[in-house]
Amino acid sequence: MAHPLPPGLVPSEVAFLAEMEHVTVIPRQRLAGLELLGGTTPALNPPFPVPLPLWLALLLKRQKRANISPPPWLSVDGLSHILDFETDERTADLFSPSPELSDPTSTAPLDGDAYLAHEALELSPPFLKDAATARAQPDALPYHWLELGHLLLTHAADDFEDPDTVRRLLRDLREVRMSKLRKGFRVLGPGAGVKMNGVGGMEVAEVRGFVGGVVDGMRKINKSREESRREQEAEDRENGLESSSYREDEDDDMLS
Amino acid sequence: MAYYSPESILTDSQKAPCTFELGVPGLSPLNNGSAIEKGTKLDLPLWMAEMLAVSKPAGPSSASLASLDMPSALGQRVMNALKADPKSVDVRAQAQWFYGLGERMLELFEEEEMVDVLLDSFKQRALEIADKAQNTRNVQKGGDNDFMGGLDEAERQLFRAAHDGSSAVRKWFDNSSRS
């Protein structure tokens with residue numbers, strides 16, 4: 001049946017989720033902590049920087065109540081370093097790795113439950129803390145790098161030292177990575193996938209429809225072969241190997 | 001095959017040549033009213049052809065009602081052309097749902113080589129589609145209408161998926177820079 005929406009997140013949804021990322025904000029005015037569903041935001045006390053969700057930071061920025069300090073990777077140095085890694089011949093097949101996983105901390109809200117203990121929690125890219133705050137790793141792209149970079153550059157361009165160069169580097173990076181991703185399509189097959197380590201959320205959302213379609217189409221063409229292989233395996237398991245050739249002949253007779 | 005999917009219904013309504021092994025008086029409406037005798041050749045929709053080829057009439061003879069032949073869309077000539085250069089073949093002229101037809105025929109015939117040829121051409125053409133979907137202006141202007149016009153329905157869906165993905169990203173970029 002036809003579904004109204006394609007499976008997976010569409011780009012606008014990915015971008016919506018990106019606004020939950022925390023960025024470092026340097027407040028210009030006092031503001032008490034806000035009681036939000038996701039927890040209370042820290043009180044703003046100029047000039048001490050605090051981490052805030054991106055959507056709130058952009059709102060305050062628009063009202064000229066705060067400045068956003070861009071994450072270290074979103075700088076001329078950080079981006080050119082990453083771009084060098086992406087274009088280097090030795091690492092030409094790789095995407096620049098995502099930030100290192102942080103050690104589990106002991107600030108778990110649900111301590112006492114063995115399953116929810118922070119030692120058992122393994123955080124992976126979309127849920128990494130501090131991926132876009134001023135404490136972020138300078139030489140790694142977080143999961144939402146494209147969305148964050150774009151939003152910060154459009155709405156808080158005056159907080160950058162050199163917004164035009166950063167913008168240009170970001171565009172270069174996007175193109176380099178996109179062409180790598182396209183190169184990766186060549187290894188697609190009925191049972192094969194592209195290795196997408198380090199690929200950002202927006203990039204995944206962009207190619208999901210196509211990659212899914214190709215793999216699905218090839219799987220359909222390969223279906224008959226797959227089925228006969230599976231039957232063969234099942235029979236081999238049942239009868240032992242010596243009788244399998246006989247069964248194969250029988251199958252051929254039935255089909256012709 | 002999904003029951004509610006118009007695509008699989010349309011795929012199954014594509015014609016495949018059949019040769020009747022027996023005279024079947026009851027099926028004369030299929031042959032424009034004239035009688036069906038032994039050896040009559042007819043192009044029948046895939047779903048019916050499959051039923052006739054698989055079903056065995058009750059009686060002394062063990063032959064099935066009709067035998068199914070490979071449609072010319074999947075014939076040796078097309079396979080050779082696909083092997084030579086997948087991108088130059090007008091697949092749509094062969095069958096509207098070319099890969100669907102291939103998939104259904106491969107369920108009935110065991111053709112290892114055809115699986116390879118179809119897989120390879122689907123992949124080669126998919127890569128080309130991905131490139132074409134990036135700059136649609138070229139396609140609309142008619143720069144490469146040969147290739148685009150020759151896509152079968154499955155490939156058109158692929159084109160649309162690739163194009164929708166990048167245009168959704170572009171749309172978000174535009175919207176978020178405006179507000």
(request) Considering only the stretch A:41-59, state which residues are open to solvent by 90 Å² or more (accessible area, probe 1.4 Å), more than 29 Å from B:S167 (Cβ to Cβ) and not in a loop (DSSP other than H, G, I, E, B). (result) none
(message) Quick check on the stretch A:78-101: of everything there that is among the hydroxyl-bearing types (S, T, Y) and modelled with pLDDT under 80, which residue is least open to solvent (accessible area, probe 1.4 Å)?
(response) A:S96
(request) Report whether or not B:L10 is surrounded by 14 or more Cβ atoms within 10 Å (Cβ to Cβ) and either touching a Cys at 6+ places or on another chain (Cβ under 7 Å) or outside any loop (DSSP other than H, G, I, E, B) (or both). (result) no
(request) Among residues belonging to the stretch A:8-31 that are under 15 Å from A:I68 (Cβ atoms) and open to solvent by less than 10 Å² (accessible area, probe 1.4 Å), point out the one that is farthest from the chain's Cα centre (by Cα). (result) A:P27
(message) Residues that are of a type outside the set (K, R) and farther than 27 Å from B:N175 by Cα: does the stretch A:49-56 have at least one?
(response) yes
(message) Of all residues being out of contact with any helix residue (DSSP H, G or I) (no Cβ under 8 Å at 6 or more places or on another chain) and among the acidic types (D, E) in the stretch B:67-110, which is farthest from B:G150 (Cα to Cα)? Just the residue, please.
(response) B:D69
(request) Tell me which residues, restricted to the stretch A:146-176, are part of a helix (DSSP H, G or I), away from every other protein chain (no Cβ under 13 Å) and in contact (Cβ under 8 Å) with a residue 12 or more places away in the chain. (result) A:D159, A:T165, A:V166, A:L169, A:D172, A:L173, A:V176
(request) Could you tell me which numbered condition A:G200 fails, if it satisfies all but one of (1) within 7 Å of chain B (Cβ to nearest Cβ); (2) surrounded by 19 or more Cβ atoms within 10 Å (Cβ to Cβ); (3) of a type outside the set (D, E, K, R)? (result) (1)
(message) Return the residues of the stretch A:203-225 that are free of Cβ contacts under 8 Å to residues at least 60 places away in the same chain, facing chain B (nearest Cβ under 7 Å) and of a type in the set (K, R); say none if nothing qualifies.
(response) A:K220, A:K223, A:R225
(request) Run down B:L22, B:L42 and say which single residue is without any contact (Cβ under 8 Å) to a residue 40 or more places away in the chain and either open to solvent by less than 70 Å² (accessible area, probe 1.4 Å) or in a loop (DSSP other than H, G, I, E, B) (or both). (result) B:L42
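The values are calculated or read from the model by the stated rules, or taken from the named source; none is laboratory data. None of the values given here were measured: they were computed from a predicted structure. Positions of Cβ are backbone-derived with ideal geometry, glycine not excepted, and every protein chain shown enters the neighbour counts. When the accessible area is computed, the model is the full protein with side chains, heavy atoms only, and any ligands, DNA or RNA have been set aside. Shrake-Rupley method; radii C 1.70, N 1.55, O 1.52, S 1.80 Å.
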